[in-house]
Amino acid sequence: MTIARTPRVLVDATSVPADRGGVGRYLDGLLGALAAHTDIDLSVVCQRNDLERYSRMLPTSQVLAAPAAAAHRPARLAWEQTGLPLLAQQVGASVLHSPFYTCPLRAGCPVTVTVHDATFFTEPEHYEKSRGTFFRSAIKTSLRRADRVIVPSKATRDELIRLLDADPTRIDVAYHGVDHTAFHLPAAEEKARVRARLGLTTDYVAFLGAKEPRKNVPNLIRGWIKAVHDMPEPPALVIAGGQGHDEEIDRVAGEVPAHLRLLRPGYLRYADLPGFLGGAVLCAYPSHGEGFGLPVLEAMACGAAVLTTPRLSLPEVGGDAVAYTKPDAESIGTDLRALLEDPARRSQLGSAALTRAKEFSWTSSAEAHVAAWNRAARP
């Protein structure tokens, strides 16, 4: 009788940014869940500043540091094509997992790649030209060269098939999860701490995410102005997260009437996110399209009433537990005003969001990844 060998999987975590946004949240959640998984033999290569973090997270796995030069993106991409395949060979990897669109062209073992979304094709106008060109090329190459492609939603899978004629038999859907310890219904003290740090004495509408054109922050600001300008006690709008490259935000921010308050605090402490999201009168995320929509799920896990758009994957995440609007400023303003004037509806959405968020876990995501890796490792 032949006994199936447990595959040795090398995960390349060198693309994780220092701010833990995007791919960082994905890999932290995934690797944390894989720590308890016995169906794979796991190795991880990461940036040197993440070595201690992942070594603590994965005490029974092999965690290796990439060369210091890999901290710089051009050098990392070059190392991915040369040093990473050598490392895969050294650790005896059965499968190499590349978690952020790109992968080695010649790895010496089966390769799986996570393609997070197809918006580089569906929303090209929302990306800088060079960035869009790079990632469209990377996605096409990964679809052609990888043994299996992992995507975070059915919408992303369907778009890759529709737009790029991707082979559906080689695409695996693995929904993202949410850390229910980190993102939870906040206590009153957590909400008060965030309000004090932000200097807020009124209600506020929250946005959390990268300030990229695809996130539609300018129209959110315009819609908020329309919704609250004549209210006796208008809620503030707090745009939190990294700076990004949407230059229109500064221009639109200059149009905010003097009696309204717009705050842009930048990054918030990770420990403050439940108080920020769960303490908002509502969370607005009117994106033009997402491959998954992790900020929406994280807000839902904090019991927030969420207003988002029914674009691409967002209905897969929000279901009936969020409210939807169109991405234009007029629609955002109308629907924002309706929610602000309907506390019962916001309460119902918050309760439904908590329940729905429990359906998403990093444990389930890890199981879907392991299944994909086992498929890739089969001779």
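Nothing in this text is a laboratory measurement; each read-out follows from the coordinates by a stated rule. Everything quoted here is computed from the prediction, not taken from an experiment. No Cβ is skipped: glycine too gets one built from the backbone with ideal geometry, and neighbour counts run over all protein chains shown.
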For this session: Determine, for each peptide in 310-318, 279-287, 325-333, the mean count of other beta carbons within 10 angstrom over its residues, then list the peptides with the highest first.
Result: 279-287, 310-318, 325-333
Exercise. Taking a ≥ b ≥ c as the square roots of the eigenvalues of the Cα gyration tensor of the range 1-126, is the shape rounded (a/c under 1.5), prolate (a/b larger than b/c) or oblate?
Worked result: rounded
Exercise. For the cross-link pairs LYS191/LYS326; LYS215/LYS326; LYS154/LYS211; LYS191/LYS211; LYS140/LYS211; LYS129/LYS215, which exceed 21 Å when the distance is taken from alpha carbon to alpha carbon?
Worked result: LYS191/LYS326; LYS154/LYS211; LYS191/LYS211; LYS140/LYS211
Problem set entry | Unit charges on C-beta of K, R, D, E only; dipole of the range 188-357, Debye | 260 debye
Exercise. How big is the charge dipole of the chain about its Cα centre, in debye rounded to the nearest 20, if each Lys and Arg gets +1 on its Cβ and each Asp and Glu gets -1 on its Cβ?
Worked result: 820 debye
For this session: Write down the Å³ per residue value for the convex hull defined by the alpha carbon atoms of the range 65-155.
Result: 103 Å³
Exercise. Along the charge dipole of the range 188-357, which of THR309, LEU273, MET231 sits closest to the positive end, that is, farthest toward it, with unit charges on the beta carbon of Lys, Arg, Asp and Glu (+1, +1, -1, -1)?
Worked result: LEU273
For this session: Please grab the % of Cα pairs in the range 188-357 that end up more than 23 Å from each other.
Result: 31 percent
Seminar exercise, completed: Helix 73-91 sits off the longest principal axis of the Cα atoms of the chain, rounded to the nearest 10 on a 0 to 90 degree scale, by 40 degrees
Problem set entry | D (Stokes-Einstein, µm²/s), Kirkwood Cα radius, the chain, 0.692 mPa s at 37 °C | 152 µm²/s
Exercise. Shape of the range 185-284 from its Cα gyration tensor (a ≥ b ≥ c, root eigenvalues): rounded if a/c is under 1.5, otherwise prolate when a/b > b/c, or oblate?
Worked result: oblate
For this session: Quick one: P(r) of the range 233-332 from all Cα-Cα pairs, 10 Å bins, percents rounded to integers, in order of increasing distance.
Result: 14, 44, 38, 5
Seminar exercise, completed: Here the averaged projected area of the range 298-379, based on the convex hull of its alpha-carbon atoms and given in nm², is 6.5 nm²
